[in-house]
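Chemist: The structure's right below; bear with me while I get my questions together.
The values are calculated or read from the model by the stated rules, or taken from the named source; none is laboratory data. Treat the numbers as computed from the prediction; the structure is a model and nothing was measured. Ideal geometry is used to build each Cβ from the backbone, glycine not excepted, and the neighbour counts take in all protein chains shown.
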Amino acid sequence: MRSPMDMPPAPSPVSYAVSDALYRKLIGDFSAWRVPAREVIDPVFRESVTRFLYREARFLDDQAFDGWLALFAQDCIYWIPGSADGGDPRTEVAISFDDRRRLEDRVFRLQTGMAWSQRPVSRTARMISNVEVFSSIDADVYMVRAVFQVTELQGQDMRSWHGWSGHQIRDIGTQFEILVKQVNLINYDQNLRNPSIIL
């Protein structure tokens, strides 16, 4: 029989993988943000945000990864939750949870041509629709919800990724920058093939 001294320690309620303050802010920002009263109705501004999402999609379809990475802030997060509406990344498994350093590693790996999971290299075509823009408590920060479909062809294998994205973007005057990209797959709780492409 195992003694209490042999038992593993209880998991910590605090995570320092990125920083606990960042995790707490992330959970706060992505909780109950789709509020009708905060929806931005200015058609010109909404169109500029929609074009920004189209630009991001084009960079990924063209495999212009340096251009795609340049859309992100230095303190960004790329997050594919393993639960509905994100959950708590401190205590729940995520399919992917990358800070800027890990995104740069991912891009470098794809650009080497040596990524085994991307041999042969996938071709992709993305569709973005149903774009909704919401204001936040910060005057220059906006939350954006959009439905996406990514069709991927790798060799003779065709597959599709479906869901909705939650972008937290900052208006920096002449353009936007991505603070957080949350990719919510509709089949997040199913047996998923490892996404070797950037969604």
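Chemist: Name every residue in the stretch 88-107 that is touching a helix residue (DSSP H, G or I) at 6+ places or on another chain (Cβ under 9 Å) and farther than 16 Å from N194 by Cβ, in order of residue number.
Modeler: The answer is D88, P89, R90, E92, D99, R100, L103, E104, V107.
Chemist: Can you list the strands (runs of 3 or more DSSP E) lying wholly within the stretch 117-199 that have 3 or more residues being on the phi > 0 side of the Ramachandran plot, of a type in the set (F, W, Y) and more than 17 Å from the chain's Cα centre (by Cα)?
Modeler: It comes to none.
Chemist: Please tell me if A70 is closer than 27 Å to N191 by Cβ and surrounded by fewer than 18 Cβ atoms within 10 Å (Cβ to Cβ).
Modeler: no
Chemist: Kindly establish whether D88 is modelled with pLDDT under 95, in a strand (DSSP E or B), of a type in the set (D, E) and over 23 Å from V44 (Cα atoms).
Modeler: Here the answer is no, as D88 does not meet what is asked.
Chemist: Also, I was wondering about something else. Within the stretch 118-134, restricting attention to residues that are among the charged types (D, E, K, R) and modelled with pLDDT of 90 or more, which residue is surrounded by the most Cβ atoms within 10 Å (Cβ to Cβ)?
Modeler: R126
Chemist: Do we have any residue at all in the stretch 42-63 that's within 22 Å of W164 (Cα to Cα), part of a helix (DSSP H, G or I), at pLDDT below 90 and within 13 Å of the chain's Cα centre (by Cα)?
Modeler: no
Chemist: Related question: Check whether at least one residue in the stretch 91-99 is part of a helix (DSSP H, G or I), within 15 Å of the chain's Cα centre (by Cα), free of Cβ contacts under 8 Å to residues at least 24 places away in the same chain and closer than 25 Å to D29 by Cα, and report yes or no.
Modeler: Checking the stretch 91-99: not a single residue is part of a helix (DSSP H, G or I), within 15 Å of the chain's Cα centre (by Cα), free of Cβ contacts under 8 Å to residues at least 24 places away in the same chain and closer than 25 Å to D29 by Cα.
Chemist: Go through (1) farther than 14 Å from L60 by Cα; (2) in contact with an Asp or Glu (Cβ under 7 Å, 6 or more places away or on another chain) one by one and return the number of the condition N130 breaks.
Modeler: (2) is the only condition that N130 fails.
Chemist: Say we look at the stretch 16-29 and pick out the residues that are part of a helix (DSSP H, G or I), touching a residue at least 40 places away in the same chain (Cβ under 8 Å) and not acidic (D, E); which of these is surrounded by the fewest Cβ atoms within 10 Å (Cβ to Cβ)?
Modeler: I27
Chemist: So, one more: Can you pull out the residues in the stretch 95-117 that are loosely packed, with under 13 Cβ neighbours inside 10 Å and either at pLDDT 90 or above or of a type outside the set (G, A, S) (or both)?
Modeler: Hits for the stretch 95-117 are R101, D105, F108, Q111, T112, M114, W116.
Chemist: Something else: Of the residues in the stretch 30-59, how many are crowded, with 18+ Cβ neighbours inside 10 Å and touching a Lys or Arg at 6+ places or on another chain (Cβ under 8 Å)?
Modeler: 1
Chemist: Now a separate question. Filter the stretch 168-191 down to the residues that are of a type in the set (S, T, Y) and touching a residue at least 12 places away in the same chain (Cβ under 8 Å) and list them by number.
Modeler: Y188
Chemist: Of the conditions (1) touching a Ser or Thr at 6+ places or on another chain (Cβ under 7 Å); (2) of a type in the set (A, V, I, L, M, F, W, C); (3) at pLDDT below 95, I137 satisfies every one except a single condition; which number is it?
Modeler: (1)
Chemist: Please work out if V107 is in a strand (DSSP E or B) and within 23 Å of N184 (Cβ to Cβ).
Modeler: No: the conditions fail for V107.
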